[in-house]
Ligand SMILES: Cc1ncc(COP(=O)(O)O)c(C=O)c1O
């Protein structure tokens, strides 16, 4: 992101400043405990547990969201090769995680209203694809809420593990038996730099994931099951505490920005908001669906006016070179979203005046 090139950049992440983090860093100095589930990491887990009304044993912290996804998919696949049924309309990290877990993505189209996988559609798919499917990976589109109960049910009915990628969903997730992974990347609503959060109501499953973050060690230094180094360091946990201290304010400012956008754009003909964009949850991007066939022109036009915009999630993972050999169903909705979804500048502190400029630019373009 070239911040200087645009008057209104796409993002301006703001993490806790040094002053807010220093008390926690001082704790690290006193503890002389730097990683491996130190006191700050343990306390951060408890704070997230309280936030989602689960026990600390239902929470696993990871070095980043992609690692969290990878580990959860590895646990699901149990070392076997096979397919991971997932949307193509997602960030490349979801598909990379499937590949890193030894699986091959099988891309399924998303629902035209929710922009996410439809549980009933996936149920039918699973029946058609047979035993080779090792996991299903629904993705929350830009943090929008998912029907976790429906996914839990699919897992129970079909026996195929479901892992939920809710990278931007810190403000919308609902704990369920399927592990849900949230990214704590700097660009996400609750950013700590790099980090990931897994919430899983099934304590046994959460415990397996916890061991997975530590080389498969289970209390003694012997690799007894699959593992990685997926741990969150004490330094990242320090930023995490400072970020949680400020969360209510960060969240409110984030939502205020969505409200301003919703008001400014509601009467623009031909514009459709991404699912949940006009609602009341904190998000990391603000996406709209443009009228047919003019995305690249819109980007060029708005960039020339000093407004940075981006096509989020590209044209779908199935069009990314790394995944072009993966199988898929028909993907008409994904193709449409790939041609028309535009991410607008979105960050706390974006002013009504700046949003007015974005609106005018969009209006002149359309
Ligand atoms: C849908 C989705 N999944 C996974 C990730 C990966 O998260 P992280 O950057 O924490 O590895 C992202 C990151 O933006 C994402 O958007």
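No lab work stands behind these numbers, since they all come straight from the coordinates. Just so you know, these numbers come straight off a predicted model, no measurement behind them. Backbone-built Cβ (ideal geometry, glycine too); neighbour counts: all protein chains shown.
Distance distribution note for the range 1-112: the fraction of Cα pairs above 15 angstrom is 77%. Per residue, the chain reaches -12500 deg cm²/dmol at 222 nm when only DSSP H runs of four or more residues are counted, each adding -39500 (n - 2.57).
Sorting 324, 27 by the number of Cβ atoms found within 10 Å of their own Cβ, with the fewest placed first, yields 324, 27. Shape call for the range 26-74 from the C-alpha gyration tensor, a ≥ b ≥ c root eigenvalues: rounded (a/c under 1.5), prolate (a/b greater than b/c) or oblate? Here the range 26-74 falls in the oblate category. Each residue in 110, 133, 99, 259 was given a count of other beta-carbon atoms within 10 angstrom of its own, and listing them fewest first yields 259, 99, 133, 110. Compute the Rg/Rh shape ratio of the chain: radius of gyration over Kirkwood radius, all on alpha-carbon atoms. Value, to two decimals: 0.97.
Under Stokes-Einstein, with the Kirkwood radius over Cα pairs as Rh, the value for the range 102-204 at 10 °C and 1.306 mPa s is 112 µm²/s. Cα centroids of the range 174-241 and the range 301-342: 30 Å apart. For the Cα trace of the range 251-366, dividing Rg by the Kirkwood Rh returns an Rg/Rh value of 1.00. Counting neighbouring Cβ atoms within 10 Å and putting the fewest first, the residues 257, 200 line up as 257, 200.
The order of the peptides 335-346, 310-321, 137-148 by mean Cβ neighbours within 10 Å, most packed first, is 137-148, 335-346, 310-321.
Rg and Dmax of the range 230-305, based on Cα coordinates, read 17.2, 49 Å.
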